[in-house]
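Working notes for the structure below.
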Amino acid sequence: MILVLAVLVRNSNPATAKSNMSEDHNKKTETVDKAYYFENGFCVFTEKFLLQRGYCCGNGCRHCPYQPKHQAGNTNILSEFVQKL
């Protein structure tokens, strides 16, 4: 019972806790070589990450490098991305 109260008191300021989580997340994404970023609460994968994965997931990714786009299991890379490899 005492342990639970100590945790609640320690995290009693939600603004500080949220701020610390944001800082931790930003540090993690900087070291990942930008495999993804967050935009309007959504995780957006980069072209580099999607190419490294090697296939299309079919979920409508913004930076999908496969042709035809958004077809699950597709491994045909668009010609503009082949030049980047």
Formal net charge of residues neighbouring Ile77 (Cβ-Cβ distance under 13 Å; K, R +1; D, E -1): +2
Segment Thr75-Cys43, length gained on full extension (0.36 nm per residue, minus Cα span): 9.3 nm
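Bear in mind these aren't lab numbers, they're just calculated from the coordinates by the rules spelled out. A quick note: this is a predicted structure, and the numbers were derived from the prediction, not measured. Neighbour counts are summed over all protein chains in view; Cβ atoms, including those assigned to glycine, are modelled from backbone coordinates with ideal geometry.
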